[in-house]
Amino acid sequence: MRFWLLILGGLLIWTAHFLGLYLLSSASDVARGDAGAWNGAGLIFSLICLMVIAVLCWRCIVWLREKPRDETRAFGLRLAVAGGLLGGIGVVFQTLVLLAPV
Amino acid sequence: MSSETGFDPELYKRFPTTEARPKGELEQLDEVWCGPRRPWEWITAINNNYIGVYYVGAAMLFFVLAGVLALLMRTQLALPMTGFLAQETYNQIFTMHGTVMMFLFAVPAVEALGVLLLPQMLGARDLPFPRLSAYAFWAYLVGGLCFFASLFFGLAPNGGWFMYPPLTSMTYSPGINADFWLLGIGFIEISAIAGAIEIIVGVLKTRAPGMTLDKLPIFAWAMLIFACMIIIAFPSIILSTLLLELERALGWPFFDAAKGGDPMLWQHLFWFFGHPEVYIIFLPAAGAMSTLIPAVAQTKLVGYRLVVLAMLATGFISFGVWAHHMFTTGMPQISINYFSAASMAVSVPAGVQVFAWIATLAAGKMRFNTPGLFAVGGLVIFVMGGLTGVMVAMVPFDWQAHDSYFIVAHLHYVLIGGMVFPLFAAIYYWTPMSSSRPLSERWGKWIFWLMFVGHNVTFMPMHLTGLMGMPRRVYTYLPDRGWDLPNMISTVGSFMFGLAVVLWMIDMIRNFRPFGEKDAGNVFGGPGLEWLPAGRYSLRSVPVIKSLYPVWDQPNLARDVEVGRYFLPGAPRGERETMITSPINAEPQYLQRMPRPSSWYVWGAIFTAGFFLILTIQAYVASLVSGVLAVYCILKWCWGLDRPSGPATVDVGGGVRLPTYVSGPSSHGWWAMVITLIVSGMVAIMACFSYVFLWSRRPDLWQAPPEIGSLLLTLGLLTAAGIGAWASQGALKLDRPRSAGIAAILMLVATLAAGGAFAAEASAWWSSGLRPNASSQGATVYALLAWQGTFVGISLLMGPFVLLRWLCGLVSPRYPATFEVVALFVAFTAVQGAATTLLIRLFPGVGA
């Protein structure tokens, strides 16, 4: 299971980020509160997600440099790094929406 | 290589073996895996070589039938104000065209391809649940044909393939047409889920030794992701069809705005399934492209790792785009922007795959044979559809193009380029493997060009027709709008496409004739295991995999496999068997005993289909009888499971001994149950979403939940059920003289506790005065209760089933597999019950 979580880490974080933003925007719609405050919460959440992705990628790169014990693990680590980068791009892309004028 | 299971990878060095195989071993293997000998056995066959071909054949039959409907529509639209089809007939035909193409052709076709190809590709004798494949196929075929036949009685659904309420509510669609769709499709999706379970467990657990994840064929990766997507997406359509049918039949107002319902809920649920559905059918087709393009170009796939990642990313991101079909519904602007961003983001992984294919073609020597032509043609069409997809992902443009013929053009470019052309490429590429005879190259090229030109002549002008303002789903149009010429051109193109399909059918019939020479071999020089010499038992022996392209990279592989120098060269117990391996490193774990054909699953499928279809025509007694018979057949089928026989370990070649029985997470049955529970959990999650969503629409209609005392009783009983289920399997494992009896009784008590909890909760809500047809709260609360009640009902069947097995001496500490999966199910029922109960009792709070 840890192996799968590693491979899919970046994409899972993208998913959590997307759902989180969607929930925040839905909650904002229901609460009819200050949109700027909800956007701020979304931005903080996005930053946390980006940091988690960065840590995941960094950790995987370190493990890769330590010469993994077999090809399958190296394959998984490389996938994790690439998935983290792709997930990161997705998170940034979704976050841009929050930077639009309220 | 490090070990995942404790298996010593050094043992691989014993292969290929050098000693001669015993006399008669191959003959015994042939006999054990013999094909049908009597006419009835063609129906009860379960081997993937038969079921896979049936499945592909049935899917292509539905493709042809839906194609005929398309031609009827194009004939009607060729000229303005024609009376070729009546308005109502046209409505039924366009609904059936979309529905049959999406539900009865696209998903089953790619699932069928998986069932047909995966065992050979992975080096397995068969997929791990051949009876489940057969059940899924027969349920799909019987259900699909009956569903299609509704057209001949004027009873076919007529609300569009997405069946939006309120158009499909009882007020505006009072006949049973919509019910055919709701019950028929809901049922057919269950069949798709059964196939997905088979594929996930098959790819993860029945690979050839050494076929680690980095050596997994790209098609298998695609099928794995495809099946996982089905598990996540399809519960949503199952739930939405159930809710709409409950509203139509019993007046539970999920979508009726007057009682707090909201038609937008349908759109959310439908498109949470509907948009991933596009990628669900694209991914296997893309996997097929990534497999056959290297063979066509005779070089390795450029960027294997990135293509795997791109497929995984597509699987994830495609779930974040469902609302891009809803840009014009008045959703909050910021939500629309998120979905717009995700819709553009999903083109990134699709682009990675396209560039990998182009790079592979550029790196190798492209051969313009028929699979190659279809692959390149599909690539061109898909890219064009992808570009218009980016256009409609932009909200302002979508507002203009929504529900116009521009969207019809876009979706056909995506689906035909992304799925139909790759499927034809796959059929041309793999038919020599399946029928041992290649399709005609000369005909194939004619078919390709007719199809390619026909497609573009049909759909290219539709972009213009749409931009000129022609809406979708109109049965005719007035002259002098400027739509006449593009419509006429589209009709001519559609008949060109139709001609291509007719020629292909003739060639297929010619190919599958039961006489003539049949020795095609590896026609296209493919690199995968499926091109090794094989019989009905798949490969004679299961090789140790050392490369992603074993046929290209491992010298003498074909010869060594054919003479039995690898794993499992015979049938050590004289039965149908396949090797189960670990999910990451594919290390041998045990030898699975495979079932032999019987008729229970066929009858089970027929009666299951009967239950749903007869329900549509409101013959409730007949439907109930069919349902009871279906349950009986399935129980009869399950009764024969988990009957270990023979020695505890056997030699599978090279002196390697494997156990013949395992349970728990190592066993394939445990995995299947866990996946089934994920499906159920997804339905429950979507139902909870529906509950919260409907509350957010009309919180003023929500009433206070029942008093807290009844909640404690429900939770107490559910806790007892969960603990009882786990304790029962623990008691069995103690392996004491009375273990089996105590375990069976504990399980029975656990199921009764779950039943008690359900009764207590339902009674509490009924006493509180809430009624399901009074408000959206009542509807969702009772829907959640009904879902839980279904699980309790199944648990109450399982309890006596386990008890009966114990009484018949079939429960033993040494064979706990059945017991473990029943315990998993009952424990899940308890957890699901507790979660949904807490939601409906505590949210939105007392007296909201």
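Taken together, the values in this text are just the output of simple stated rules run on the coordinates, not laboratory data. In this text the structure is predicted, and so the values were computed from the model without any measurement. All Cβ positions, even for glycine, are placed from backbone atoms using ideal geometry, and neighbour counts span all protein chains on display.
A few points about this structure:
- DSSP beta bridge pairing in the protein assembly as shown, given as percent antiparallel to the nearest 5: 100 percent
- Overall form of the protein assembly as shown per C-alpha gyration tensor (a/c, 1.5; a/b vs b/c): rounded
- Take each residue of peptide B:329-342, count the partner chain Cβ atoms within 10 Å of its Cβ, and average: the result is 6.
- Cα centroid of the range B:182-211 to Cα centroid of the range B:122-162, whole Å: 14 Å
- With contacts taken as Cα pairs under 8 Å and at least 6 residues apart, the range A:2-99 reaches a relative contact order of 47 percent.
- Spacing of the two label points (7 Å from each Cα toward its C-beta) at B:Glu441 and B:Leu478, in nm: 5.6 nm
- Here the residues A:Arg78, B:Arg125, B:Arg305, ranked from fewest to most Cβ neighbours within 10 Å of their Cβ, fall in the order B:Arg305, A:Arg78, B:Arg125.
- Chain B, dipole about Cα centre (Lys/Arg Cβ +1, Asp/Glu Cβ -1), debye to the nearest 20: 1180 debye
- For the range B:261-320, alpha-carbon Rg and Dmax in angstrom: 16.0, 58
- Only helices enter the 222 nm calculation for chain A: every DSSP H run of n ≥ 4 contributes -39,500 (n - 2.57), and dividing by all residues gives -30500 deg cm²/dmol, rounded to 500.
- Counting other Cβ atoms within 10 Å as a rough exposure proxy, the listed residues B:Glu277, B:Glu198, A:Glu66 run A:Glu66, B:Glu277, B:Glu198 from fewest neighbours to most.
- Each part gets one Cα centre, and for the range B:310-358 versus the range B:469-487 those centres are 31 Å apart.
- Angle in degrees between helix A:2-31 and the longest Cα principal axis of chain A, rounded to the nearest 10: 0 degrees
- Taking each DSSP H run with n ≥ 4 as -39500 (n - 2.57) and averaging over every residue of chain B yields -21500 deg cm²/dmol at 222 nm.
- Rel. contact order, % - alpha carbon contacts under 8 angstrom, at least six apart, the range B:352-501: 28 percent
- Of the residues B:Leu132, B:Met579, B:Val302, the one whose Cα sits farthest towards the positive end of the charge dipole of chain B is B:Met579 (charges of +1 on Lys and Arg Cβ, -1 on Asp and Glu Cβ, taken about the Cα centre).
- Summary of packing: across the peptides B:255-266, B:103-114, B:664-675, the per-residue average of other C-beta atoms within 10 Å ranks them, highest first, as B:103-114, B:255-266, B:664-675.
- Of B:Lys300, A:Lys67, B:Lys215, the sequence from fewest to most neighbouring Cβ atoms within 10 angstrom is A:Lys67, B:Lys300, B:Lys215.
- Rg/Rh (Cα only; Kirkwood hydrodynamic radius) as it applies to the range B:675-842: 1.06
- Dipole orientation for the range A:2-99: of the candidates A:Gly76, A:Leu23, A:Gly36, A:Gly76 has the Cα lying most toward the positive pole (charges on Cβ; Lys, Arg +1; Asp, Glu -1).
- Relative contact order for chain B, counting Cα pairs under 8 Å that sit 6 or more residues apart, in percent: 17 percent
- One way to sum up the overall shape of the range B:44-511 is the equivalent ellipsoid from its Cα gyration tensor, whose semi-axes run 33, 26, 23 Å, largest first.
- Evaluated with a Cβ-only charge set (Lys, Arg +1; Asp, Glu -1), chain A carries a dipole of roughly 420 debye about its Cα centre, given to the nearest 20.
- Span from the the range B:504-544 Cα centroid across to the the range B:389-440 one, whole angstrom: 27 Å
- Taking the C-alpha atoms only, the angle from helix A:35-65 to the longest principal axis of chain A is near 0 degrees.
- Of the DSSP H helices in chain B, those whose Cα atoms cover at least 30 Å axially and whose Kyte score averages -1.0 or more: B:48-77, B:177-205, B:218-250, B:263-297, B:370-393, B:441-467, B:484-511, B:668-697, B:708-733, B:739-767, B:776-807, B:817-842
- For the range B:192-279, the spread of Cα positions along each principal axis, largest first, Å: 61, 20, 14
- Estimated distance in nm for a label pair at A:Phe93 and B:Glu562, the labels positioned 7 Å out from Cα along Cα-to-Cβ: 4.8 nm
- Calculated over chain B, the projected area of the Cα convex hull averaged across directions stands at 35.3 nm².
- Of the residues B:Phe825, B:Phe273, B:Ala149, the one whose Cα sits farthest towards the positive end of the charge dipole of chain B is B:Phe825 (charges of +1 on Lys and Arg Cβ, -1 on Asp and Glu Cβ, taken about the Cα centre).
- Global form of chain A, assessed from the alpha-carbon gyration tensor, a/c cut-off 1.5: prolate
- Of the cross-linked pairs A:Lys67/B:Lys215; B:Lys365/B:Lys445; B:Lys23/B:Lys205, those separated by over 21 Å at the C-alpha level are B:Lys23/B:Lys205.
- Inverse mean reciprocal Cα-Cα distance (Kirkwood Rh) of the range B:439-509, Å: 13.3 Å
- The aspartates and glutamates whose alpha-carbon is closer than 17 Å to the alpha-carbon of B:Lys518, local same-chain residues fewer than 8 away aside, are B:Glu441, B:Asp507, B:Glu530.
- Basic side chains Lys and Arg get +1 at the Cβ, acidic Asp and Glu get -1 at the Cβ, and with that the dipole of the protein assembly as shown about its Cα centre reaches some 1520 debye.
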